[in-house]
Amino acid sequence: MFKPVCCFMLAAFSSTFAQTNTRQQATDARSYTLHTTVQTVPLDVVVTDVSGRTVKNLKQEDFLILEDGKPQTIRSFHPPMEQTSLPMQLHSTNEVDKQAPDAPVSILVIDEISTPFEDGAYARYSLKKYLDAQETPLSQPTMLVVANKDRLVVLQDYTNDKQELLKALDHHMTFYPWGPTQDNRLIFAAPFASLIQLTQATIGHRGHKNILWIGQGFRGIQAVSPNGNERRHNEAVIAACINMMMEARMTLYVIDPGGLKQDNGTAMPDAGVWGDAAFGGEGFASDVSLATVAAETGGRVFFNRNDVNNLIGTSVRSGREFYTLAYNPVVDSTNPRYFHKIEVVMKDPNLKATARHGYFEDQIVDSYVRQSHNRHRDNQIIFDLSAAAMNRMVYDGIPLTVERGSKTSDDFYLHVPAGVIPWQNGEADFNIVVATFDLKGKMIDRASLTTPVHTTSATAPLKLHMQVKTAEPAARIRFVIRSVANGRIGAENFYLIDPKLLSDPVTGLQQTRAEKKQNTSGH
């Protein structure tokens, strides 16, 4: 539906990506154009009563949808899903996509970008308190992630076992990279880079995705780009990010773990107020923060509260107790708008509907993109591929499985199921990156290419042959494949040794000496 857009601000995100990917400059930049018109707008809507309790017994006729003030015809309506039991054992993205493809999921993100140390410690304490109070198995698959200035760190892939999440949280060593002076550009770029990565990595899962961002994020973009083309470009990035999150059925909740504060002008703004004011008919009407993005995706922002564990629980429940509506917008081609405002009105005035506030017109965002230099489009592709290569998260935008030719072979086969490749006249182009890491997570080799693939049947599965050196010190191989046509990414790991033996900073997991000794003796 929506295509990725150039992330101009991401050039400042981390020199790590640029330093390891100079040979990717030749990748095809033509894919980064936005040319689609929204055909169907999906809405996940949470309805609450005057006491704030969710209401789950409504019908389609209880809702009215307005786009730009005009009533819309609801084409599909689904009430909140009944609480069904998940498979007892879910421990990975692949298992969730296969065994519970429509299940809502939660992604817990610990912000180590700009959150003060003491607030970060309270965030971890509150998250542990929340998990301790939950039953096993959890009501929905949950992933635990850390966002820092360099990369997105997966502490635990999707699981419905709270003990796995608690163990991953306990093993993680907090890392706060900032010195006395903080770089506003990096503080601004890093959260958006993380959101884009999360969207790209999880877009293949059909179910609703709830992102719980526990931390401060960033305050706004005025300090980064107060005026001129740079600000306009950054606004285009934000617009495209919000559109991508809509396609992925992703809602953002921001929870500030700072607790009660005196009002000294530094507290987070109210996301609902900012969400209405930030985006006007011709563009951004005011400054934009992560809180604004939360409101635009249908989420909320919580701050100035000490009960962070309860706020986490509230956000998780909102991610599974929602109605799903869809409509086909009536487009006025004679009056193009930068932002299309959506209102969900309840016929019962005692009920309140919370949903995303709108979406951006792709063609107008694209006009901003086309004003940039080609290097910006190159930077976006480099970032996408590098970010996918440098973390261990499974990307399911293109479902990918890896097969080794034999136990000791250097031959590997990438399998993509039928029906997910956007073939055009029997041909599709792919960007492919293969990176090899040692036991400590250091990259020891990398290869990248852009290659066309031909088929005589658009319904046949895809099989790609790759040769990768597997001699020591290689311990893990990372395969990344990206469709040039739609920007979707698949990424998977192949472990040459028991993954429990890895001492890999990308994972954020640090084994104790006793665990390492036990794993080594048993290997």
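A short reminder: the numbers here are calculations on the coordinates, not readings from a lab. Given the structure is predicted, the values throughout are model-derived calculations rather than measurements. Positions of Cβ are generated from backbone atoms using ideal geometry, with glycine treated the same way; all protein chains shown enter the neighbour counts.
For the reader, a short list of remarks on this structure follows.
- Using a Förster distance of 25 Å, the FRET efficiency for residue 463-residue 501 (Cβ separation, nearest 0.05): 0.25
- The range 119-156 and the range 407-483 have Cα centres separated by 31 Å.
- Cβ-derived FRET efficiency at R0 35 Å, residue 306 paired with residue 136, nearest 0.05: 0.85
- A simple packing score, the average count of other Cβ atoms within 10 Å per residue, orders the peptides 470-481, 422-433 as 470-481, 422-433, with the highest score first.
- Gain in span if fully extended, residue 410 to residue 62, counting 0.36 nm per residue against the direct Cα distance: 119.3 nm
- Sites matching trypsin sites (Lys or Arg not before Pro) across the range 51-150 that sit in DSSP coil, with at most 15 neighbouring C-beta atoms within 10 Å: 53, 56, 59
- The label-point distance for residue 48 and residue 347, in a model that sets each label 7 Å from Cα toward Cβ, rounds to 2.4 nm.
- Taking 0.36 nm per residue of sequence separation and removing the Cα-Cα distance, the residue 89/residue 117 pair yields an extension gain of 6.6 nm.
- Cβ-derived FRET efficiency at R0 41 Å, residue 39 paired with residue 443, nearest 0.05: 0.50
- When each of 129/352; 162/500; 59/341; 149/209; 209/352 is checked by Cα-Cα distance, pairs over 26 Å: 129/352
- Global form of the range 290-333, assessed from the alpha-carbon gyration tensor, a/c cut-off 1.5: oblate
- Extension gain for residue 450-residue 260 works out to 63.2 nm (0.36 nm per residue, less the C-alpha to C-alpha distance).
- Here the simple spin-label model places points 7 Å from the Cα toward Cβ, and for residue 75 and residue 423 these points are separated by 2.6 nm.
- Across the range 443-452, computed HN-Hα scalar couplings (Karplus, 6.51 cos²θ - 1.76 cosθ + 1.60, θ = phi - 60°) run 6, 10, 7, 7, 9, 9, 7, 10, 9, x Hz from first to last residue, x flagging Gly and Pro.
- The distance linking the range 50-117 with the range 188-213 is 14 Å (Cα centroid to Cα centroid, whole angstrom).
- Protection proxy ranking, highest mean first, for peptides 65-71, 242-248: 242-248, 65-71, where packing is the per-residue count of other beta-carbon atoms within 10 Å, averaged.
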